[in-house]
Amino acid sequence: MKRISFWLATGILVIPVVFFYVFNAGTQNFERLPILGERIPPDGINVTDTVFHAVPNFHLIDQKGEAFSQQNLSNGIAIYNFFFANCEGVCPKMNRRLQSIYDKYKEFSEVHFVSVTVDPENDSVPILKDYANQFNADAKIWHFLTGKNDTIIHLGKGLLLPISKESKTIDHSQQFILVDKSNRIRGVYDSESDAEIKRLEGDIKLLLYEYHTPGSAR
């Protein structure tokens with residue numbers, strides 16, 4: 001499936017946006033999402049600009065058996081979640097919810113979906129491939145990942161998810177995490193809430209506009 005650009009996908013939205021900014025030149029009139037996590041404010045000496053929390057790089061394996069890292073998401077935003085294939089409770093429902101969002105945004109070349117197993121010992125590449133097929137996931141867009149447990153824990157910490165100190169595993173989470181092109185967390189959403197799903201869908205649009213609105217900062 002050939003993915004298309006943001007402006008082509010939004011189609012008729014281009015014209016009113018252009019006119020809006022022609023008549024409001026030099027102003028920022030759109031809502032911006034917050035940047036979550038700890039930050040280091042500028043001190044005028046060693047830190048000249050605010051340093052925001054960023055999701056660390058990682059090296060895992062996708063459902064095709066290929067190496068996968070943040071470089072695979074370059075110039076794109078991503079929606080992350082964590083699951084395991086044998087989960088019979090929240091995981092199937094959570095991923096069906098994610099599928100509904102995926103179906104709306106899979107044509108956008110800058111939007112990716114990243115589902116990471118918390119049970120890498122059992123969730124092998126063939127199992128992930130079969131699991132991904134249940135949701136009609138295109139591996140170029142929706143990435144199901146496995147790999148070393150320590151790497152998954154490190155990624156979970158970077159996404160500000162709670163970690164069990166006793167079992168050294170990521171606590172079972174039903175959250176979706178929206179991450180921008182600079183690997184900064186821009187939103188966290190409860191997958192069981194209809195209102196939160198609508199908020200995520202709207203926030204994806206807002207985040208895309210940040211990168212495509214004339215005069216917007218990066």
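The values are calculated or read from the model by the stated rules, or taken from the named source; none is laboratory data. This one's a predicted model, so the numbers in the text were calculated from it and none came from an experiment. FYI the Cβ positions are ideal-geometry reconstructions off the backbone, even for glycines, and counts take in every protein chain you see.
To keep it simple, each residue is scored yes or no on (1) surrounded by 15 or more Cβ atoms within 10 Å (Cβ to Cβ); (2) more than 25 Å from residue 203 (Cβ to Cβ); (3) touching a Phe, Trp or Tyr at 6+ places or on another chain (Cβ under 8 Å).
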position: 96; (1), (2), (3): no, no, yes
position: 120; (1), (2), (3): yes, yes, no
position: 127; (1), (2), (3): yes, yes, no
position: 137; (1), (2), (3): yes, no, yes
position: 161; (1), (2), (3): yes, no, yes
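Take the conditions (1) more than 18 Å from residue 189 (Cα to Cα); (2) polar (S, T, N, Q); (3) more than 13 Å from the chain's Cα centre (by Cα); residue 95 misses just one of them, which is (1). In the range 188-218, the qualifying residues are those that are at negative phi and of a type in the set (Gly, Ala, Ser), and the one that is modelled with the lowest pLDDT is 217. Considering the range 65-161, the qualifying helices (runs of 4 or more DSSP H), each wholly inside and each with 2 or more residues that are touching a His at 6+ places or on another chain (Cβ under 9 Å) and in contact (Cβ under 8 Å) with a residue 40 or more places away in the chain, run over 149-158. Based on this model, can you work out whether residue 30 counts as surrounded by 13 or more Cβ atoms within 10 Å (Cβ to Cβ), over 13 Å from residue 143 (Cβ atoms) and modelled with pLDDT under 90? Considered against the rule, which asks whether it is surrounded by 13 or more Cβ atoms within 10 Å (Cβ to Cβ), over 13 Å from residue 143 (Cβ atoms) and modelled with pLDDT under 90, residue 30 comes out as yes.
Restricting the range 173-210 to residues that are among the hydroxyl-bearing types (Ser, Thr, Tyr) and touching a residue at least 24 places away in the same chain (Cβ under 8 Å) leaves a set whose member that is farthest from residue 32 (Cα to Cα) is 173.
Inside the range 191-204, residues that are more than 13 Å from residue 179 (Cα to Cα), of a type outside the set (Asp, Glu) and in a helix (DSSP H, G or I) make up a count of 5. Counting only residues that are more than 23 Å from residue 193 (Cβ to Cβ) and surrounded by fewer than 22 Cβ atoms within 10 Å (Cβ to Cβ), the range 98-118 holds 4 of them.
Residues of the range 44-64 that are closer than 21 Å to residue 34 by Cα, in contact with a Lys or Arg (Cβ under 9 Å, 6 or more places away or on another chain) and assigned to a loop (DSSP other than H, G, I, E, B): 50, 53, 54, 55, 56.
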